[in-house]
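Down below is the structure, laid out as structure tokens.
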Amino acid sequence: MPAACESVLEDIEDIVSAEDLKPHDRHFVRRNVFPKVRKRHSQKNAQADDEPPSDSIIPGVQKIWIRTWGCSHNNSDGEYMAGQLAAYGYKITDNSAEADLWLLNSCTVKNPAEDHFRNSIKKAQEGKKKVVLAGCVPQAQPRQEYLKGLSIIGVQQIDRVVEVVEETIKGHSVRLLGQKKDNGKRLGGARLDLPKIRKNPLIEIISINTGCLNACTYCKTKHARGDLASYPIEELVDRAKQSFQEGVCEIWLTSEDTGAYGRDIGTDLPTLLWKLVEVIPEGAMLRLGMTNPPYILEHLEEMAKILNHPRVYAFLHIPVQSASDSVLMDMKREYCVADFKQVVDFLKEKVPGITIATDIICGFPGETDEDFQETMKLVEVYRFPSLFINQFYPRPGTPAAKMPQVPAAVKKQRTKDLSQLFHSYNPYDHKVGERQRVLVTEESFDSNYYVAHNPFYEQVLVPKDPLLMGKMVEVNIYEAGKHFMKGQPVSDARVHTASISRPLAKGEVSGLTEEFRRSAHNGTKWKAQPSAEIPVKTRLSSWMALQLPWQQEGGGLKILSVSLALLAVLVMFYYRGMKTEL
């Protein structure tokens, strides 16, 4: 894929392509330029001209395919980028083949995820697609060879995605990798009130902070997301309120470590959660994200009270990674196995029925057979209903990659042994016959059922009755599998409709404020539409005049200023060339 120019920037300034003529070259090609008589067009032809050619570089008329890998934080970033692009007029498509540009939002946690990302870049280039890269892989290592010449949008710069896409479509390679700061202090990231297209209109993913306080020796995400930076409580509560007003009935709180929330801004996770609980309407639910053991230990009493709240799922994801203290020390996890057990035992006692999910890495460097057996014993004792088993992959640039590695065959066998143990028990068999309250939020992968969750965030499959979607209903459990239960709605049960508004349609843009509508079309009330439905002249005038409301710190103006400066230079050289020849 031809790359115009490439440099790692705090802002977009390199907007001249390598193929563009330099000012001093224009004198020598002037003799080959001939004036062209403009033909008069009929009314019919004028109407036809409203639609751009397929290779148009008018901003806002192209189709964009977005692919996201990784965690819920990354998925939220992808939803925000889709929302801004659609609000500006681009058409977001599910068909990668028809797209003009691929926006690839990557994950750097494991090698396979990066391999998929790299293969997708190659496929896009083979298909002559424009490419913009996002996510943790290019943020952590932007100078990798296979990223050369490609545009990159940093994890804290997603509010600038429209600018990066525009310049990429015009043939330029631009990179925004800077950090969001306020008076020198790092912020949590882009604004939370940006336009967004939720993958599921019923579920809002809210990133409460970015980065973490740890320095785990195997983690590449730290290189991309950095140190802890939390959003203020007021902004998070406002985002939750807006979500409920748009028909959302389930909120997921996400970050690299939710337990560490607020330590950088003088508050803590329980304080945030109590404020959020106040605005959750009846029939809606809140799900907490992953927290590491050290940061939940000091809040156990308060966390137990919150997890017992009827509008909060009694669910917590607490990664243990290994049951060997020596391995945890090599990982620099900053806790011991006893700390993890204390957290789990306390919550199981104070929050009856709570679901504890955890992660385990098999074959970390230096892990002995004895270390691994300690991990097996932990799983046998606690019989975690949700267990994420990961074979260790050394990530480039991490300390763990330089440690003596466990043989691949041993890692594979340990992963297999732990998987067999996990599948040897059925956590839900004893729940057959129970009557449960569930919230229905999505369709199953096989499209045969709707998916709901009970108060412990256990998956319950229910019949595909459209009247159930987005509702809280009571069901009788009649069957259980390894990862799910099946429930039949109770005929005489009360049905709760969570939100105060109808949900947005799938693909509809969230958060389009009147401020944005006025700015986008000079006072005309406007909603994002597929680009083909917006007349070209309207799109052009919007592009030339529009400074997006969420970019009013000067990003759009910098592009315009640089463009005008370049134009002035070109005109000056052109007239100098004419005078010289005369």
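For the set LYS130/LYS199; LYS220/LYS332; LYS471/LYS506; LYS148/LYS181; LYS110/LYS148, the pairs lying more than 25 angstrom apart at their alpha carbons are LYS148/LYS181. Distances between placed amide hydrogens fall under 5 Å for HIS317 paired with THR291, ALA357, all partners being 5 or more residues away or on another chain. Based on the Kirkwood approach, the hydrodynamic radius assigned to segment 59-182 is 14.2 Å, with every pair of different Cα atoms included. Need one word for segment 360-399: rounded, prolate or oblate. Basis is the Cα gyration tensor (sqrt eigenvalues a ≥ b ≥ c); a/c below 1.5 gives rounded, then a/b vs b/c decides. Oblate.
Here each label is just a point 7 Å from Cα along the line to Cβ, and for PHE346 and ALA215 those points are 2.7 nm apart.
Each residue of segment 402-412 is assigned a 3J(HN,Hα), and the resulting list reads 8, 7, x, 8, 6, x, 4, 5, 5, 4, 5 Hz, derived from the Karplus form 6.51 cos²θ - 1.76 cosθ + 1.60 (θ = phi - 60°), x at Gly and Pro. Sorting 296-308, 323-335, 189-201 by average packing, meaning the other beta carbons within 10 Å per residue, from highest down gives 189-201, 323-335, 296-308. Determine, from the Cβ-Cβ distance of VAL495 and GLN179 and an R0 of 45 Å, the FRET efficiency 1/(1 + (r/R0)^6), rounded to the nearest 0.05. Given R0 = 45 Å and the Cβ-Cβ separation, E is 0.45. Of the trypsin sites (Lys or Arg not before Pro) in segment 429-471, the ones in a loop by DSSP (not H, G, I, E or B) with at most 15 other beta carbons within 10 Å are LYS464. When each of the peptides 418-424, 136-142 is scored by the mean number of other C-beta atoms lying within 10 Å of its residues, the order from highest to lowest reads 136-142, 418-424. Between ALA97 and GLU126, the simple label model (points 7 Å from Cα in the Cβ direction) yields a spacing of 1.5 nm.
Computed from the C-beta positions of ALA304 and GLU434, the FRET efficiency with R₀ = 30 Å rounds to 0.85. Structural size metrics of segment 430-497, computed from C-alpha coordinates, are Rg and Dmax of 10.6, 29 Å. Taking the centroid of alpha carbons for each part, segment 432-506 and segment 115-130 are 39 Å apart.
For segment 128-136, backbone phi angles converted through the Karplus equation (6.51, -1.76, 1.60; θ = phi - 60°) give residue-by-residue couplings of 6, 8, 6, 9, 10, 9, 9, x, 7 Hz, Gly and Pro being listed as x.
Straightening the chain between ALA505 and THR271 buys 80.9 nm, computed as 0.36 nm per residue apart minus the Cα-Cα spacing. With both residues required to sit in segment 430-497, DSSP beta bridges show an antiparallel share near 90%.
Could you give the distance between the Cα centres of segment 137-196 and segment 94-111, to the whole Å? Cα centres, segment 137-196 to segment 94-111: 15 Å.
Between SER444 and GLU278, the simple spin-label model (points 7 angstrom out along Cα→Cβ) gives 4.1 nm. For segment 280-354 and segment 379-395, what is the separation of their Cα centres, given in Å? After rounding, the separation between the Cα centres reads 16 Å. The residues packed around VAL137, meaning those with a beta-carbon under 10 Å from its beta-carbon, carry a net charge of +1 if Lys and Arg are +1 and Asp and Glu are -1. If a spin label sat at a point 7 angstrom from the Cα of ASP193 along the line to its beta carbon, the backbone N atoms of segment 200-243 nearer than 14 Å would be those of 232, 234-243.
If the segment from ASP417 to SER326 were pulled out straight at 0.36 nm per residue, it would be longer than the present Cα-Cα gap by 30.7 nm.
Just so you know, all these numbers are worked out from the coordinates, no wet-lab data involved. Note that the structure is predicted; figures quoted are calculated from it, not measured. Neighbour counts are summed over all protein chains in view; Cβ atoms, including those assigned to glycine, are modelled from backbone coordinates with ideal geometry.
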